[in-house]
1. Any residue at all in the stretch 211-230 that's touching a residue at least 60 places away in the same chain (Cβ under 8 Å), touching a Leu at 6+ places or on another chain (Cβ under 9 Å) and not small (Gly, Ala, Ser)?
2. What residue, among those in the stretch 218-237 that are within 16 Å of ligand 2 (Cβ to nearest atom) and hydrophobic (A, V, I, L, M, F, W, C), is nearest to Gly190 (Cα to Cα)?
3. Taking the conditions exactly as written (touching a strand residue (DSSP E or B) at 6+ places or on another chain (Cβ under 7 Å) and at pLDDT 90 or above), does Ser158 satisfy them or not?
4. Anything in the stretch 233-277 that is within 16 Å of ligand 3 (Cβ to nearest atom), part of a loop (DSSP other than H, G, I, E, B) and under 17 Å from Gly325 (Cα atoms)? List them, or say none.
5. On the basis of being surrounded by fewer than 15 Cβ atoms within 10 Å (Cβ to Cβ) and on the phi > 0 side of the Ramachandran plot, does Gly233 make the cut?
6. If the requirement is being under 21 Å from Asp171 (Cβ atoms), modelled with pLDDT of 95 or more and basic (Lys, Arg), which of these qualifies: Lys130, Lys61, Lys102, Lys84?
7. Name, by its number, the condition in (1) basic (Lys, Arg); (2) under 17 Å from Phe29 (Cβ atoms); (3) away from ligand 3 (no atom under 16 Å from the Cβ) that does not hold for Arg60.
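The values are calculated or read from the model by the stated rules, or taken from the named source; none is laboratory data. Source: prediction; values computed, not measured. Here Cβ is always computed from backbone atoms with ideal geometry, including for glycine, and neighbour counts include all displayed protein chains. These accessible areas exclude ligands, DNA and RNA; they are computed on the full protein's heavy atoms, side chains included. Shrake-Rupley method; radii C 1.70, N 1.55, O 1.52, S 1.80 Å.
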Amino acid sequence: MVSYKDLGLVNTRDMFAKAIEGGYAIPAFNFNNMEQMQAIIQACVETSSPVILQVSSGARKYANQTILRYMAQGAVEYAKELGKNIPIVLHLDHGDSFELCKSCIEMGFSSVMIDGSSLPYDENVALTKKVVDFAHQYDVTVEGELGVLAGVEDEVSSEVSHYTSPDEVEDFVKKTGVDSLAISIGTSHGANKFKPEQCTRNADGILVPPPLRFDILKEIEKRIPGFPIVLHGSSSVPQDMVAIINKYGGALKDAVGIPEEQLREAAKSAVCKINIDSDGRLAMTAAVRETFATKPAEFDPRKYLGPAREWLKNLYMHKCKEVLGSAGKAE
Ligand code: G3H
Ligand code: 13P
Ligand code: ZN
């Protein structure tokens, strides 16, 4: 058993309480390789932001669980070396079984998500409670989910979005003992969050998606006042990155994300964790494609992964400062 406390990590409890109180959200950035981890830590140290390092089950398979445990410990030490002991959480994203959550807890994760959102309500409650009962023995915090996001959530796939029912949240939180709740109010995973026919076009021809369902969020907040809420699928799909990718041979069509102003608005509420993966993928891909196209003689991986890391860092700094409001909150 590797305890996250021995790795220098923290769970989400204090972080979320402060974020709700302060009207900002903690960034949960997905990673699966060294450059992504370095960019996240550099950006969060430089902006003095608490951070959640997020690992999906696919990322865990890709990177290897033992390597990840040392990367997380390395991230803590790296932040200190860069000059700031920011709070860092290692979180399992979209855990789909008790066994996976247990295994992550035993390998140093300080927080896990059990995503039973595709199960019938009672089964979601039972599975989530089982994970909570195990995790809380080790002071590991647990995120549950109610409502289904459109798109693909790892193993959990859904063609349409089912918004979270405010009528269920109080009972779910009470019965399961979860520490935070992911909800569905119109976000979804990936770079193509909406079909073009769901959007309108602005004067520049950019697709504008329908607004998030803040009415549902408000109703949920009324039912469970002060309880930490999580937003998945919160990439904004920066159109400059999409344009660079497509300019240098990419084929991203109708990519559209969640407008940043709406995320900023959500961060002021009980939404205290905002998940961002796709935007990082876009920034990294744009940097690599541009380098390949403009410097075709380069074949040293550091010459294209270096710029990718720099672009990622800039993206993450922007998110902390301008979107989530977490900059300066690790002081
Ligand atoms: O919500 C899903 C995350 O973006 C992780 O994606 O399963 O491809 O690692 P992944
Ligand atoms: P995006 O695909 O919008 O980045 O969402 C990531 C996410 O929710 C990870 O759990
Ligand atoms: Zn997600």
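1. Yes: the stretch 211-230 contains one or more residues that are touching a residue at least 60 places away in the same chain (Cβ under 8 Å), touching a Leu at 6+ places or on another chain (Cβ under 9 Å) and not small (Gly, Ala, Ser).
2. Val237
3. When the stated conditions are applied, Ser158 does not pass them.
4. Those that are within 16 Å of ligand 3 (Cβ to nearest atom), part of a loop (DSSP other than H, G, I, E, B) and under 17 Å from Gly325 (Cα atoms): Ser234, Ser235, Ser236, Ile258.
5. It is false that Gly233 is surrounded by fewer than 15 Cβ atoms within 10 Å (Cβ to Cβ) and on the phi > 0 side of the Ramachandran plot.
6. Lys130
7. (3)
Per-residue answers, yes or no, for (1) within 16 Å of ligand 3 (Cβ to nearest atom); (2) outside any strand (DSSP E or B); (3) in contact (Cβ under 8 Å) with a residue 60 or more places away in the chain; (4) open to solvent by 10 Å² or more (accessible area, probe 1.4 Å):
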{"site": "Thr164", "(1), (2), (3), (4)": "yes, yes, no, no"}
{"site": "Leu181", "(1), (2), (3), (4)": "yes, no, no, no"}
{"site": "Gly190", "(1), (2), (3), (4)": "yes, yes, yes, yes"}
{"site": "Glu197", "(1), (2), (3), (4)": "no, yes, no, yes"}
